[in-house]
Amino acid sequence: MSELTTIARPYAQAAFDYAVENKTITQWQEMLFFAAEVSKDETVKELLTGSVAAEKLSEIFIGVCGEQLDLHGQNLIKVLADNRRLQALPDISALFNQLKADFEKEIDVEITSAVELDESQQTAIGASLEKRLARKVKLNCSVDPELVAGVLIKAGDTVIDGSLRSKLNRLSDALQA
């Protein structure tokens, strides 16, 4: 875990709590995403790591973001600038997105298969995962011919490896032991 993620966590939590309280989760998600993208710009990165005064830095950053930030979003930028934490905006945005997914009981699931899955297979896997994980599932499917057959499913910390390649590797390890 990076230092910026640790720094970003309380800011993301505070922004999320405020957004839930005021029923503006989507608006905050959009503001944080935009501010995070601005902070990734090379020119802005140089400015963030420079020796510009916090007040001037927040003024410039808010000017760049323009109408994308409401008054509360601007206040967050001022607090981050005062604490020299504007470079943590991408992590704040990512953590905010995770908090939103947890709040809405959603999870992104990466499915890698040896061949492309048809709609009925995706539906069946999605329904099974929703039941097992007790969450709304959003599938992201990809193809990796090296799996030989089967699927590899990653949902958060959960990994379900039903690929033939991993079964062959386990068999090989058992035979060599």
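Every number here is computed from the coordinates shown, using simple stated rules; none is lab data. What you see is a predicted model, and the numbers here were worked out from it, not measured in a lab. Cβ: placed from backbone, ideal geometry, glycine included. Neighbour counts: every protein chain shown.
Got the relative contact order for the chain handy, in percent, Cα pairs under 8 Å and 6 or more residues apart?
Working: 199 pairs, mean separation 37.2, N = 177.
Here the relative contact order equals 21 percent.
Can you give me the angle between helix 89-103 and the longest principal axis of the chain, using Cα atoms only, in degrees from 0 to 90, rounded to the nearest 10?
Once rounded, one gets 60 degrees.
Suppose R0 equals 35 Å; then what is the FRET efficiency for GLN27 and ASP144 from their Cβ-Cβ distance, rounded to the nearest 0.05? Present the calculation step by step, with values, prior to reporting the outcome.
Details: r = 38 Å, r/R0 = 1.07.
About 0.40, to the nearest 0.05.
Over the range 3-102, calculate the relative contact order: mean separation of alpha carbon pairs under 8 Å at least 6 apart, over the residue count, as a percent. Each step should come with its number before you reach the end.
Numbers: 89 pairs, mean separation 49.4, N = 100.
Reported as a whole number, the value is 49 percent.
For the Cα atoms of the chain, what angle does the longest principal axis make with the long axis of helix 71-82, in degrees from 0 to 90, nearest 10?
90
Straight-line reach from LYS131: which aspartates and glutamates fall under 19 Å, measuring Cα to Cα and dropping same-chain residues less than 8 apart?
Straight-distance partners of LYS131: ASP102, GLU104, GLU106, ASP108, GLU110, GLU119, ASP157, ASP161.
Can you list, largest first and rounded to whole Å, the semi-axes you get for the range 30-103 by taking the square root of 5 times each eigenvalue of its Cα gyration tensor?
Working: eigenvalues 83, 33, 24 Å².
Equivalent ellipsoid semi-axes, largest first: 20, 13, 11 Å.
In degrees, nearest 10, range 0 to 90: what is the angle between the Cα axis of helix 164-176 and the longest Cα principal axis of the chain?
Tilt of helix 164-176: around 70 degrees.
State the percent of C-alpha pairs, over all pairs in the chain, separated by a distance greater than 23 angstrom. Could you put the intermediate results ahead of the total?
On the way: 8604 of 15576 pairs.
Summing the P(r) of the chain above 23 Å gives 55 percent of all pairs.
Rounded to the nearest 500 deg cm²/dmol, what is the calculated helix-only ellipticity per residue at 222 nm for the chain, with -39500 (n - 2.57) per DSSP H run of length n ≥ 4? Please report the intermediate quantities before stating the final value.
Numbers: 8 runs with 110 residues, N = 177.
Result for the chain, helices only: -20000 deg cm²/dmol.
Can you tally the net charge around GLU30? Count Lys and Arg as +1, Asp and Glu as -1, for every other residue whose Cβ sits under 13 Å from the Cβ of GLU30. Display every interim value, and only then the final one.
Details: positive: LYS100; negative: GLU37, GLU67, ASP70.
Residues near GLU30 contribute -2 overall.
In the range 105-177, what GluC sites (Glu not before Pro) fall in a loop by DSSP, with at most 13 other Cβ atoms inside 10 Å? It would help to have the intermediate numbers written out before the result.
Working: sites: GLU106, GLU110, GLU116, GLU119, GLU130, GLU146; in loops: GLU116.
Answer by residue number: GLU116.
Figure the gain on full extension for GLU55 and LYS105 (residue separation times 0.36 nm, minus the Cα-Cα span) and round it to one decimal in nm.
Working it through step by step, the gained length comes to 14.1 nm.
Can you give me the C-alpha center-to-center distance between the range 126-177 and the range 62-117, rounded to a whole angstrom?
29
Can you give the extra length, in nm with one decimal, that the chain gains between LEU164 and GLN68 once fully stretched, where that is 0.36 nm per residue apart less the Cα-Cα distance?
Working: separation 96, 0.36 × 96 = 34.56 nm, distance 4.84 nm.
Additional length available on full extension: 29.7 nm.
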